[in-house]
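Visitor: Okay, handing you the structure first.
The values are calculated or read from the model by the stated rules, or taken from the named source; none is laboratory data. The model shown is predicted, which means the values in this text are computed figures rather than measured ones. Ideal geometry is used to build each Cβ from the backbone, glycine not excepted, and the neighbour counts take in all protein chains shown.
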Amino acid sequence: MTTSTNPEAAPAAPAPPPATKPHLGTLLVVLTGTFMAGLDFFIVNVAVPSTQRDLNATSAEIQWVIAGYALAFGAGMITGGRLGDIFGRRRMFAFAMALFTLSSAACGLAPNAEFLVVARVVQGLSAALMGPQVLTILATTYVGEARARAFNAYGMAMGISAVFGQLIGGVLIQGNVLYLGWRGCFLINLPIGLIALFLVPKLVPESRAPGRPKLDLVGTLLVTLGLVAVVLPLIEGRAQGWPAWTWISLAAAVPLFALFAFFERRLAAQGGSPLIDLSMFKERAFTAGLLAQLVFWIGQASFFLVFALYVQEGRGLDALQAGLIFIPLGFGYMATSTTARWFAMRLGRQVIALGGALRLVGLTALLLLVAHFGVGGHIAWLIPALAIDGAGMGLAVAPLASTVLTRIPPKHAGSATGVLTTGVQVGNALGVSIIGVIFYRIVSDTHGLIGYAHALNWSIAFLLGVALVLIALVQLLPKVPGAK
């Protein structure tokens, strides 16, 4: 962001002028990609039981329906961002949107579990290509106050897809819309994707990185292998009881990333086009902001997972009822995500800390309420705490994204957004992995509703720690004189 909208940011490197005057339709079209990719990350959780019954899928197959998407999504975004730099962000966004729409159709029409798993991997790859283009298009198309509003809208789109994903899935499945059952959770992407594809050439300006960057094939291979080595065991480890291969994979990631860094430095010294210019990490706003981004998302998907398990398995709510209980959280999220820009202008970096503090309040209240009403009380008692927690989430998302992109020159915009969006997915995977161990171990040791209530409260205790770490990391972000 520019200093006119974020008092914490030093002036960013000037972006090239947009090819066309920014239009509200530009924002709506590109954020469609953010919404669809996020929605398909969460909506499938609701569809798992009926999908498994209909396709006669094994537990391993149905797990890969979820894991295949998450793995491809998390491992491909750095490369996706660089491809946008080289071939054009609008062109890559359109290609990814077309592939996402086609793979969604393949998922919805899958005749068996094996076909569905392959289609989900392709869907995840297309989401990885699409995700980085969204932030880069927003950063290069909008300036000043318009850019601040665009980032706020981006944060809202991410939140709506996450918070309401379960509700949308519940409505589609419980209502058996068009008699599609679980297939409707995938086929809903077809009309949305086709409309977006029709509008892309009319409303989205094209942009590329300055110069003639080339694709760093060796760097692409190394960073992809390193990310797979991290993300795969995080996704699969808990369900498989953390076998030896998961630890070997995590250990192998260290030399892979070290080799990647060595190769990128050497390529840059030779005047080549590295996949990631490691000089970006010398900028404190980028590095501290990226760490804060990672920590924030550790507490996002993990909370949605354990709370959904508590209300469905512990309290007996069906998919639609469980989705409805997320509405207060969604309203809190939207209320602050729409006003985060105003708070950022006045509080600077501390707006992110304020979001973390609101999460502390909401989660503490939720912990106390579950401890008191978690077994026999009405679940409506949890609504105020959920709304406060959602407000904390919404207040942090957009400022975090803009902080990571601060001071990044246009030629590195694609790489920076690829790193940013990778941090989101790695954070989600890491959070789900850790909290899954906490939650399921307590549930297995203490049976019944009491077990689910205790498991949720211990999970919330972990999330309180995550919020405290976020607040601490915010203090590492640079500030300018007069800013808070």
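Visitor: Tell me whether region 282-294 contains one or more residues that are surrounded by fewer than 22 Cβ atoms within 10 Å (Cβ to Cβ) and not in a helix (DSSP H, G or I).
Guide: The answer is yes, given that some residue of region 282-294 is surrounded by fewer than 22 Cβ atoms within 10 Å (Cβ to Cβ) and not in a helix (DSSP H, G or I).
Visitor: Show me the helices (runs of 4 or more DSSP H) found entirely inside region 167-256 where at least 1 residues are touching a Pro at 6+ places or on another chain (Cβ under 9 Å).
Guide: 217-236
Visitor: Related question: Of Ala70, Ala75, Ala146, which residue is of a type in the set (A, V, I, L, M, F, W, C) and more than 27 Å from Val230 (Cβ to Cβ)?
Guide: Checking each option against the conditions leaves just Ala146.
Visitor: Here is a follow-up. Could you say whether any residue in region 64-77 is outside any helix (DSSP H, G or I), assigned by TED's automatic domain parsing to the domain that holds Gly418 and surrounded by fewer than 24 Cβ atoms within 10 Å (Cβ to Cβ)?
Guide: Scanning region 64-77 turns up no residue that is outside any helix (DSSP H, G or I), assigned by TED's automatic domain parsing to the domain that holds Gly418 and surrounded by fewer than 24 Cβ atoms within 10 Å (Cβ to Cβ).
Visitor: Considering only region 209-246, state which residues are over 19 Å from the mean Cα position of the chain (by Cα) and among the hydroxyl-bearing types (Ser, Thr, Tyr).
Guide: Within region 209-246, Thr220, Thr246 meet the criteria.
Visitor: Also, I was wondering about something else. Can you tell which of Val254, Val231 is within 18 Å of Gly427 (Cβ to Cβ) and not aromatic (Phe, Trp, Tyr)?
Guide: Val231 is the lone residue from the list that is within 18 Å of Gly427 (Cβ to Cβ) and not aromatic (Phe, Trp, Tyr).
Visitor: In a helix (DSSP H, G or I) and under 16 Å from Gln350 (Cβ atoms): is that true of Ala396 in this structure?
Guide: yes
Visitor: Taking Ala127 as the residue in question, decide whether it is surrounded by fewer than 24 Cβ atoms within 10 Å (Cβ to Cβ) and either under 18 Å from Pro191 (Cα atoms) or without any contact (Cβ under 8 Å) to a residue 60 or more places away in the chain (or both).
Guide: no
Visitor: For Gln312, work out the one condition from (1) surrounded by 18 or more Cβ atoms within 10 Å (Cβ to Cβ); (2) touching a residue at least 24 places away in the same chain (Cβ under 8 Å) it doesn't fulfil.
Guide: Condition not satisfied by Gln312: (2).
Visitor: How about region 333-361: which of its residues are part of a helix (DSSP H, G or I) and in contact with a Leu (Cβ under 7 Å, 6 or more places away or on another chain)?
Guide: Result: Thr336, Ala340, Phe343, Leu347, Val351, Ile352, Leu354, Gly355, Gly356, Leu358, Leu360.
Visitor: Any residue that is polar (S, T, N, Q) and either surrounded by fewer than 19 Cβ atoms within 10 Å (Cβ to Cβ) or at pLDDT 90 or above (or both) - is there at least one of those in region 298-305?
Guide: no
Visitor: Next question, about the same structure. What number of residues in region 130-147 are among the small types (Gly, Ala, Ser) and surrounded by 24 or more Cβ atoms within 10 Å (Cβ to Cβ)?
Guide: Result for region 130-147: 2.
Visitor: If you don't mind, there's one more thing I want to ask. Only one of these conditions is not met by Leu354: (1) touching an Asp or Glu at 6+ places or on another chain (Cβ under 7 Å); (2) modelled with pLDDT of 90 or more; (3) farther than 25 Å from Trp458 by Cβ; (4) of a type in the set (A, V, I, L, M). Which number is it?
Guide: (1)
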